[in-house]
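Trainee: So that we are looking at the same thing, I have put the structure below in structure tokens.
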Amino acid sequence: MKAFTLRIRFFAGEATIYAQHTFVYEGEPYTDFIGGIGLTLPLGLHPDKKRRVTTVGGETRREAWIYANPLFGYDPPEIPNPGGDYPFWKQGGLLQDTDGSYLIWKCWDRKHARLVMDRGQKAPGWIHISDQETGAAIVMPDMWKIYPKELYASNEEGYLTAYFYPESLPPLDLRRYAPIFGTGESESYGPGQATGVSRTHEIFIFFNEGSPLDKAVMDDIEAKAVGLSGKTVLFVDPEWYVSTNVVGEFAVADTGKFPVLDKLIADSTNFMLVHRNTYRWFGFFDYGDFQSIYRYFAPVENEVHLAKNYPNLTDNLRWMNDWGRWGWVNDEGLITFWLFIQFFRTGDYAVFEAANACACHVRDVDTAHTKEYYNIPDGCMEDVRGKGKRHNVQHWGDGYFGTRVSIPIAQRLQYYMTGDGRTRDVMDEVYECSVNRMEPDWVSDSIATSLYSIFARWEMTGEEKYGKMLDSYIKACLEYQQKNNGVFPYNATFDFEKGKVISFKGNHHSMFWHAFGMTNFLLEYYFLTKDPDLAKGLIRLAETTLEFDKTARAERWFRYYLYNQIYAAGYMLTKREDFKEQILKNIKLNLGDRRFVPKNPEHWIGEKAKVGPKTISMIGFAMAGLPYAMAAIGDEGPDMVD
């Protein structure tokens with residue numbers, strides 16, 4: 001670990017400090033293990049140690065100990081340890097070692113065993129130390145979700161420590177899961193390494209006057225800790241979010257116009273949250289991410305194939321978390337964007353919590369933050385800041401590096417909702433990578449990242465130069481479209497500073513063009529600018545996509561998940577019935593036997609549980625466009641049956 005960032009905020013009139021700590025791992029995973037990471041808060045407590053008291057919050061009670069008297073209900077003795085009858089409680093703390101297990105402990109010193117005082121599942125996440133006149137508390141909100149964590153107090157030295165990774169546990173192991181490539185893994189950089197991974201933690205520090213023997217003093221500390229569980233967010237009417245045009249015109253939930261589709265979206269979202277909690281996708285690097293393939297052989301169209309070719313296959317009712325390139329989804333499929341849009345549509349705080357956690361995970365873990373990543377095939381160090389790793393059984397395990405994972409389509413929304421400075425820093429990294437360090441033959445899934453990086457800066461700063469950069473790109477694409485039978489380029493390398501094409505080629509009839517942000521960007525840009533030339537270009541894109549959709553070359557699953565945004569634009573701008581008919585036709589393909597998840601929530605866990613598409617990414621692709629298609633057509637009609 002070479003790099004860390006510490007943000008500190010103070011609050012007028014309040015004895016409170018907020019601290020956000022980010023570390024970046026830049027070691028060699030097979031030799032450089034992390035023994036501990038934390039922040040220590042020295043305190044100017046009264047030098048009389050016998051007055052010092054540590055208090056730790058548990059689920060059902062508070063545990064406290066005084067430096068030299070185990071009988072806490074009595075006043076401290078005039079001298080420490082009278083008669084030598086009591087041990088000195090010089091230190092202690094709270095260890096959350098899993099998402100469902102914590103212990104509160106105290107001991108004489110580090111040379112002696114810890115005495116466990118209390119156990120529980122999900123600690124409130126606070127510790128307090130006092131000299132009975134003044135004191136301080138550290139609160140680590142939701143520490144169980146991003147375990148392991150430890151809060152430590154030294155009565156001997158008079159300080160508190162928040163351990164983001166505890167020294168008391170075995171070192172943090174960042175080695176790769178295997179020395180060879182797994183199923184379908186990219187070999188572009190060699191077997192993936194954890195070098196460049198990061199993690200961000202938040203703590204609050206409260207200072208107080210008064211004695212911990214005063215119940216009201218500790219009740220106040222505990223209330224503050226409990227109140228910090230979860231990220232606070234302001235929510236307004238969903239229609240207001242639509243009116244801002246920040247993400248364009250989407251259909252809000254529960255208006256009565258889309259009973260079938262509203263349930264489909266809600267079920268798909270809640271299914272993922274239920275599985276996250278059931279399979280316990282929490283932990284130091286895991287929290288915020290989702291698995292990508294559930295019971296791979298469950299989809300309907302595979303059953304005949306399976307019976308013929310895999311007669312002895314065991315359906316083990318689990319996520320395929322050991323299958324090479326799959327495992328963690330790493331936001332492939334714009335999962336974070338799906339969650340934020342659903343929050344804007346509904347105001348469901350559980351969805352916001354998942355969206356915020358996913359955005360933080362992608363920003364910290366799936367996006368790289370080092371200039372010194374060893375490119376094994378090329379035999380050199382490479383600057384990979386701002387690039388992301390694709391889905392894998394480990395978040396960093398795949399050999400692919402690219403910016404489709406780090407696209408700020410959703411990270412900017414998390415920043416607007418929370419003001420999280422770490423998110424802004426990473427968006428700057430992605431901008432430098434995708435705009436200022438654009439590589440030759442920049443493909444469509446990467447150019448979307450370039451465009452959203454510029455778009456976010458335009459939104460955040462209002463500086464017209466960013467608007468001009470986008471305008472020049474759109475004009476170049478429209479010129480290309482006129483010369484190439486209505487298509488947009490697939491490979492699109494562009495000098496945004498000069499507003500000039502470096503290389504345009506190919507066409508937009510590609511999964512990557514549709515799936516990783518290009519269509520969403522074009523919609524958002526149009527809703528913001530109302531550019532009449534782009535309107536014509538969107539209509540032509542919808543026409544060429546419709547033509548392609550009817551050909552044998554169009555892969556079947558494309559129409560299941562990828563075309564909602566383009567057809568929505570076409571219908572919105574023309575009211576042509578063929579666009580609306582295709583929207584409804586494609587949506588119906590995801591109902592019935594091919595439904596994303598079971599209609600009955602009782603079947604979300606167990607033998608009847610399944611995911612309709614091959615991967616969760618495909619649901620994400622559909623969710624990035626479905627609310628826009630719904631807004632365009634106005635209602636689902638009487639023929640929408642599930």
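Trainee: Can you tell me which residue is nearest to MET438 (Cα to Cα) among those in the range 384-393 that are under 15 Å from the mean Cα position of the chain (by Cα) and not basic (Lys, Arg)?
Mentor: GLY388
Trainee: May I ask you to list pairs of residues, at least six apart or on different chains, whose Cβ atoms are under 7 Å apart, with the first in the range 360-387 being among the polar types (S, T, N, Q) and modelled with pLDDT of 95 or more and the second being assigned to a strand (DSSP E or B) and open to solvent by less than 10 Å² (accessible area, probe 1.4 Å)?
Mentor: Qualifying pairs under 7 Å: THR367/GLY388.
Trainee: Tell me yes or no: at least one residue of the range 418-428 is open to solvent by less than 50 Å² (accessible area, probe 1.4 Å) and basic (Lys, Arg).
Mentor: The answer is yes; a qualifying residue exists.
Trainee: State the number of residues belonging to the range 251-286 that are farther than 20 Å from ILE341 by Cβ, open to solvent by 50 Å² or more (accessible area, probe 1.4 Å) and part of a loop (DSSP other than H, G, I, E, B).
Mentor: 1
Trainee: Would you check if there is a residue in the range 542-557 being open to solvent by less than 10 Å² (accessible area, probe 1.4 Å) and within 31 Å of the chain's Cα centre (by Cα)?
Mentor: No, because not a single residue in the range 542-557 is open to solvent by less than 10 Å² (accessible area, probe 1.4 Å) and within 31 Å of the chain's Cα centre (by Cα).
Trainee: Which one of the conditions (1) open to solvent by 20 Å² or more (accessible area, probe 1.4 Å); (2) closer than 30 Å to GLY36 by Cα; (3) part of a loop (DSSP other than H, G, I, E, B) does GLY196 fail to meet, given that it meets all the rest?
Mentor: (1)
Trainee: Pairs only if they're at least six apart or on different chains, beta carbon under 7 angstrom, first in the range 86-106 and in contact (Cβ under 8 Å) with a residue 24 or more places away in the chain, second crowded, with 24+ Cβ neighbours inside 10 Å and basic (Lys, Arg); list them, first residue then second.
Mentor: As it stands, the answer is GLN96/LYS149, since those pairs meet every condition given.
Trainee: Just for the range 56-102: of the residues that are among the acidic types (Asp, Glu) and open to solvent by 50 Å² or more (accessible area, probe 1.4 Å), which one is modelled with the highest pLDDT?
Mentor: ASP97
Trainee: So ALA492 fits all but one of (1) surrounded by 22 or more Cβ atoms within 10 Å (Cβ to Cβ); (2) within 24 Å of LEU413 (Cα to Cα); (3) touching a strand residue (DSSP E or B) at 6+ places or on another chain (Cβ under 9 Å); what number is the exception?
Mentor: Every listed condition holds for ALA492 apart from (2).
Trainee: Given the criteria touching a residue at least 24 places away in the same chain (Cβ under 8 Å), under 28 Å from GLU332 (Cβ atoms), surrounded by fewer than 24 Cβ atoms within 10 Å (Cβ to Cβ) and hydrophobic (A, V, I, L, M, F, W, C), does LEU589 qualify?
Mentor: In short, yes.
Trainee: Is there a residue being under 29 Å from the mean Cα position of the chain (by Cα) and loosely packed, with under 15 Cβ neighbours inside 10 Å anywhere in the range 572-585?
Mentor: no
Trainee: Taking ARG385 and the conditions (1) in contact with a strand residue (DSSP E or B) (Cβ under 7 Å, 6 or more places away or on another chain); (2) part of a loop (DSSP other than H, G, I, E, B), which numbered condition does it fall short on, given that it satisfies the others?
Mentor: (1) is the only condition that ARG385 fails.
Trainee: Follow-up question, since we're still on this one. Give the residues of the range 462-492 that are in contact (Cβ under 8 Å) with a residue 12 or more places away in the chain, farther than 21 Å from ARG437 by Cβ and part of a loop (DSSP other than H, G, I, E, B), sorted by residue number.
Mentor: ASN484, ASN485, GLY486, VAL487, PHE488
Trainee: Among the residues that make up the range 601-608, is at least one of them open to solvent by less than 50 Å² (accessible area, probe 1.4 Å) and among the acidic types (Asp, Glu)?
Mentor: no
Trainee: Scan the range 429-446 for residues that are touching a helix residue (DSSP H, G or I) at 6+ places or on another chain (Cβ under 7 Å) and crowded, with 24+ Cβ neighbours inside 10 Å and jot them down.
Mentor: VAL430, SER434, SER444, SER446 - these are the residues of the range 429-446 that are touching a helix residue (DSSP H, G or I) at 6+ places or on another chain (Cβ under 7 Å) and crowded, with 24+ Cβ neighbours inside 10 Å.
Trainee: While we're here: Identify all residues within the range 204-216 that are under 23 Å from ARG61 (Cβ atoms) and either open to solvent by less than 20 Å² (accessible area, probe 1.4 Å) or out of contact with any strand residue (DSSP E or B) (no Cβ under 6 Å at 6 or more places or on another chain) (or both); write none if there are none.
Mentor: Answer for the range 204-216, where residues must be under 23 Å from ARG61 (Cβ atoms) and either open to solvent by less than 20 Å² (accessible area, probe 1.4 Å) or out of contact with any strand residue (DSSP E or B) (no Cβ under 6 Å at 6 or more places or on another chain) (or both): PHE206, GLY210, SER211, PRO212, LEU213, ASP214, LYS215, ALA216.
Trainee: Here's something else I'd like to know. Out of the residues in the range 506-541 that are in contact with an Asp or Glu (Cβ under 7 Å, 6 or more places away or on another chain) and outside any loop (DSSP other than H, G, I, E, B), which is modelled with the lowest pLDDT?
Mentor: PHE512
The values are calculated or read from the model by the stated rules, or taken from the named source; none is laboratory data. Please read all numbers here as calculations on a predicted model, not as lab measurements. With ideal geometry, Cβ positions are generated from the backbone for all residues, glycine too; neighbour counts draw on all protein chains shown. All accessible areas refer to the heavy atoms of the entire protein, side chains included, with ligands and DNA or RNA removed. Shrake-Rupley method; radii C 1.70, N 1.55, O 1.52, S 1.80 Å.
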